[in-house]
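Below is one structure, written out as structure tokens; the observations come after it.
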Amino acid sequence: MGQSLMKKFATSVAFAAALGAATAAVPASAETLRMAWSQDATGLDPHKQTAFSSLRLLELVYEPLVRLNADLEIIPAIAESWEFSEDGKTLTFKLDADAKFQNGEKVTPADVKASFERVLDEATGAAARANFTSIESIDTPDETTVVFNLSQPDVPMLTAMTSINAAVVPASEIEAGTIGTKAIGSGPFKLDSWEPNQKEVLSANPDWAGGEVKVDGINISVLPDETAILAALRTKQVDFALINDPLVATLVPNEASLELSRTPVLAYHVLQLNPSREPMTELAVRQAISCAIDRQDVLDTALLGEGAVTGPLTMPAYRSDPGALFCYERDVEKAKQLMADAGYEDGFSATVIAATGEPPTAAAEAQVIQSQLAEIGIKLDIKMMELNVYVDTWLKGDFDMAVALNGGRADPYSMYNRYWTKDGNLQHVANYIDDTLDSLMQEGRVETDFDKRKEIFAKFETHLAEVSPWIWLYTGYTYTAQQKNVKGFVPSPTGTLFGLTEVSVGE
Amino acid sequence: MNYLARRLMTFPLVMLGVSVLVFVSIRLVPGDAITAMLGTEAGLLTPDQRAALEAYFGIDQGWFTQYWRWLAGAVQGDLGVSVTFGKPVLDVILERFPLTLELALLSMVIALAIGLPAGIFAATRNEKPSDLAVRIFAMIGQSTPNFVFALLAIYVLSVGFGVLPAMGEFTPFLENPLRNLGQMILPALTLGFAFAAAVTRISRSAMLDILSDDYIRTARAKGVPARKVIWRHALPNALIPVVTLSGVEFGYLLGGTVIVEQIFALPGLGRMVLDAILQRDYALVQGSVLFIALNFMIVNLLVDLAYAMLDPRIRLGAK
């Protein structure tokens, strides 16, 4: 036995030595930001990608005409200035004369025109196409001017143009069919290499018209397990990381050398009811569900309180006090009364679907809701699904109820026209037609005065909460964790990492 | 050799069966490459947009046509192109395989180096306290899920000692062996311990069986030293179940180890297959499952050949 013990000892010594060598070999780089995230980008075509990580990566490489700052105000990107005509039917952009693609070519009005025509071409399969259908034609009168001629006044379109899904790409690359295989943008960083689900290497673009980037580059590692990201931060292998799971994020401040920043996001957690299925067809039943749910309690239990209760409008400029909305104070007696009014005093059974890991707290949310609804006799059966299966089921509208985390937009019309207008693309998922909601949406679309728009959407929100096709719960945070020597990052409610252009890594 | 030829001839048949199974099952799961890419935004596509994307992903034709096209390519060694990597499937697999093979070999070395001596030791001290200790250890090893071990190891190292093997930037063995081993040691130990526990238990019980056989009693009666009885007479026979177990386990490890690769951010086959399934990268799923099946068959064949070497009484292929 002595022999094998010796062998065991020898191997462990050798392994320990190797381990030590490996950790010592990590270079302490001051110039390149080492970043980690758990979910990698899924592709490089800025017009086709909608996954969170893809957008975050592509925002560093490509640029739209305009972008949103951290207060969600529209600021210049490739366009220096812009203007709506009196009648709201032409939108004119002046381009930054210094804007250059990473292949050295200037960004011209022809590139802008080609990019938007690509988005509008059905053969592209661009998901954001629906936001730009009012574009009738695009003119390029001179070297720096682009004119969009619209079929109707379309105020929300300008906000939609801030998305990287409306990025300006080189016309030559469209022609060559290389969008999505090569990433050539005009943005602050060049993508030097990408190994899917492993890493991205970005280097600063010295020709970026937007200014000077403070780091030499960014190396992004994909560490699929967020606990491992936390460990990598603790051992200083990583300078900056994105964190999704609130349970992991709340552990970051325990470490003296780390900083956590939370930014409220526009995406909202919601319990979607299906008003085309019995008994959710009954207004009273839907309202009873709304009254029976304690939103703060779901938030506290499932998300450790990491968020804020919200109504349908999650953007800061339109957000109102949710306490004023229908039944945002839990009222079980009223809920029971409503159930009785609808003839369901004995309750009913229903199935709620939720996606595994998306959000990470989905299962916990479903369980808390299950226990709260049990108090008014509703027996919920929770069905957890793999994300793709969930998406497929969700798109077919094939559920009684769904726990969802839906993306938000900076503009209420762009955010909700898909669900609550009669010809919305996802009307069949929401399954609820309401004349008031539809007409308020149309009013909001054409109104250019901010205060009047705000009033219109406030009415919209109050009505939506009252008819309760869905039960809006809360918004969470996006988290970034960083070493204390990483300075200058400004997070944004859109989740963009564009703030990395201002980041420097100190000693 | 006749046996070997016959075994090899069954390979294409099994592969064909596997290919049909994986082809059909991945398509039966709801969702496709388009929902994987766009999520719920896929609902915003117009029918024409959808058709264009289906053509792009090669899922616009009927299943039969798709399968036929794929099979025709596969026979010639062309497993298609992965839509997530934008590279030929075989290239993607071969890039990942060395890591998986290395991890499997390291875990097996750890498992046998610990498990075999421990099992034999326990068998020779049957029912004594030291035997009991080994058995309890083995039981714990086998019943601890490997993610618990992995996360515990990461936590203890990073919080307790402030060190951690570099994660995310994987270094191949040939590039820098020391750094590579540093990155592989924790995952290999994680997998190796559970594997060692299984080896311990099976080698202990096999050894106990053999030690009560007549020929061992004869050997002892003839005055053969105890050490020699164990190592020369008993061990070769006791190895048969160990080889079976190791073969099966090794075959599994070659298919990649999703959880361990996930936690340690290793770019191995397991994570690749998982990501391919989640992103509905059909060509990559089909190609890699086929590759894993082939590995499994080869390992099984090697195990059967090893039996014949360990025990001359076993005649392969004899009726």
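The values are calculated or read from the model by the stated rules, or taken from the named source; none is laboratory data. Note that this is a predicted model, so its numbers are computed, not measured. For neighbour counting, all protein chains shown are included, and Cβ atoms are generated from backbone atoms with ideal geometry for every residue, glycine included. Ligands, DNA and RNA are excluded from the accessible area calculation, which covers all protein heavy atoms including side chains. Shrake-Rupley method; radii C 1.70, N 1.55, O 1.52, S 1.80 Å.
Some observations on this one:
- Some residue of the stretch A:224-238 being in contact with a Lys or Arg (Cβ under 7 Å, 6 or more places away or on another chain), part of a strand (DSSP E or B) and in contact (Cβ under 8 Å) with a residue 40 or more places away in the chain: no
- Hey, A:THR145 open to solvent by less than 30 Å² (accessible area, probe 1.4 Å), under 29 Å from the mean Cα position of the chain (by Cα) and on the phi < 0 side of the Ramachandran plot or not: no
- The strands (runs of 3 or more DSSP E) found entirely in the stretch A:68-131 that carry 3 or more residues being crowded, with 18+ Cβ neighbours inside 10 Å and touching an Asp or Glu at 6+ places or on another chain (Cβ under 9 Å) are A:90-95.
- Of the residues making up the stretch A:305-324, one or more are over 30 Å from A:ASP451 (Cα atoms), open to solvent by 10 Å² or more (accessible area, probe 1.4 Å) and modelled with pLDDT under 95.
- Residues that are of a type in the set (A, V, I, L, M), within 29 Å of the chain's Cα centre (by Cα) and surrounded by fewer than 20 Cβ atoms within 10 Å (Cβ to Cβ), drawn from the stretch B:222-242: B:LEU235, B:ILE240
- B:ALA276 being within 14 Å of chain A (Cβ to nearest Cβ), over 25 Å from B:ARG204 (Cβ atoms), surrounded by 22 or more Cβ atoms within 10 Å (Cβ to Cβ) and touching a strand residue (DSSP E or B) at 6+ places or on another chain (Cβ under 7 Å): no
- Among the residues of the stretch B:152-162, those identified as surrounded by 17 or more Cβ atoms within 10 Å (Cβ to Cβ) and at the interface with another protein chain (Cβ under 9 Å from one of its Cβ atoms) are B:ILE154, B:LEU157, B:SER158.
- Residue under evaluation B:VAL92, criteria (1) more than 10 Å from chain A (Cβ to nearest Cβ); (2) in contact with a Phe, Trp or Tyr (Cβ under 6 Å, 6 or more places away or on another chain); (3) over 16 Å from B:VAL243 (Cα atoms), criterion not met: (1)
- Within the stretch B:27-48, residues that are within 7 Å of another protein chain (Cβ to nearest Cβ) reach partners that are of a type in the set (Gly, Ala, Ser) with beta carbons closer than 6 Å, at six or more positions or on different chains, in the pairs B:THR35/B:ALA42; B:LEU38/A:ALA127; B:GLU41/A:ALA127; B:LEU44/A:ALA127; B:LEU44/A:ALA130.
- Subset of the stretch A:236-249 that is crowded, with 21+ Cβ neighbours inside 10 Å and of a type in the set (Val, Ile, Thr) - its residue that is nearest to A:ALA70 (Cα to Cα): A:ILE243
- Count - residues of the stretch A:163-177 that are in a loop (DSSP other than H, G, I, E, B) and open to solvent by less than 20 Å² (accessible area, probe 1.4 Å): 4
- Within the span defined as the stretch A:424-432, one or more residues are buried (at least 21 other Cβ atoms within 10 Å of the Cβ), in contact (Cβ under 8 Å) with a residue 12 or more places away in the chain and assigned to a helix (DSSP H, G or I).
- Residue pairs whose Cβ atoms lie under 7 Å apart, separated by 6 or more positions or on different chains, with the first residue in the stretch A:69-98 and free of Cβ contacts under 8 Å to residues at least 60 places away in the same chain and the second loosely packed, with under 12 Cβ neighbours inside 10 Å, are A:THR92/A:GLU83; A:LYS94/A:SER81.
- Scanning the stretch A:433-459 for residues that are open to solvent by 40 Å² or more (accessible area, probe 1.4 Å) and either within 23 Å of the chain's Cα centre (by Cα) or of a type outside the set (D, E, K, R) (or both) turns up A:ILE433, A:THR436, A:SER439, A:GLN442, A:VAL446, A:THR448, A:PHE450, A:LYS454, A:ALA458.
- Of all residues making up the stretch B:163-184, the number that are at the interface with chain A (Cβ under 7 Å from one of its Cβ atoms), open to solvent by less than 60 Å² (accessible area, probe 1.4 Å) and assigned to a helix (DSSP H, G or I): 4
- Of all residues in the stretch B:250-264, those satisfying the criterion of being within 13 Å of chain A (Cβ to nearest Cβ), of a type in the set (A, V, I, L, M) and crowded, with 21+ Cβ neighbours inside 10 Å are B:VAL260, B:ILE263.
- Residue within the stretch B:61-79 that is at the interface with chain A (Cβ under 8 Å from one of its Cβ atoms) and either under 29 Å from the mean Cα position of the chain (by Cα) or of a type in the set (D, E, K, R) (or both) present: no
- Residue match in the stretch A:271-292 (condition: among the hydroxyl-bearing types (Ser, Thr, Tyr) and in a helix (DSSP H, G or I)): yes
- Screening A:ALA354 on (1) over 21 Å from the mean Cα position of the chain (by Cα); (2) touching a residue at least 40 places away in the same chain (Cβ under 8 Å) shows it passes everything except condition (1).
- B:PRO187 fulfils the conditions (1) outside any helix (DSSP H, G or I); (2) under 24 Å from A:MET35 (Cβ atoms); (3) within 24 Å of the chain's Cα centre (by Cα) except for a single criterion, (1).
- Selection status of B:VAL134, assigned to a helix (DSSP H, G or I) and open to solvent by 10 Å² or more (accessible area, probe 1.4 Å): yes
- The stretch A:203-245, residues that are farther than 19 Å from A:GLY506 by Cα and among the hydrophobic types (A, V, I, L, M, F, W, C): A:TRP208, A:ALA209, A:VAL222, A:LEU223, A:ALA228, A:ILE229, A:LEU230, A:ALA231, A:LEU242, A:ILE243
- Which numbered condition A:GLY476 fails, given (1) more than 18 Å from A:ASP321 (Cα to Cα); (2) within 24 Å of the chain's Cα centre (by Cα): (1)
- Checking B:ALA219, B:ALA194, B:ALA198 one by one, the residue that is over 25 Å from B:THR100 (Cβ atoms), open to solvent by less than 60 Å² (accessible area, probe 1.4 Å), of a type in the set (Gly, Ala, Ser) and away from chain A (no Cβ under 14 Å) is B:ALA219 and no other.
- Of the candidates B:PHE137, B:PHE85, B:PHE121, B:PHE149, the single residue that is closer than 18 Å to B:ALA198 by Cα and at the interface with another protein chain (Cβ under 10 Å from one of its Cβ atoms) is B:PHE121.
- Residue check, A:VAL403 open to solvent by less than 60 Å² (accessible area, probe 1.4 Å) and in a helix (DSSP H, G or I): no
- Residue check, A:VAL252 crowded, with 21+ Cβ neighbours inside 10 Å, of a type outside the set (Ser, Thr, Tyr) and at the interface with chain B (Cβ under 9 Å from one of its Cβ atoms): no
- Any hit, the stretch A:147-158, residues being among the charged types (D, E, K, R), more than 30 Å from B:PHE170 (Cβ to Cβ) and outside any loop (DSSP other than H, G, I, E, B): no
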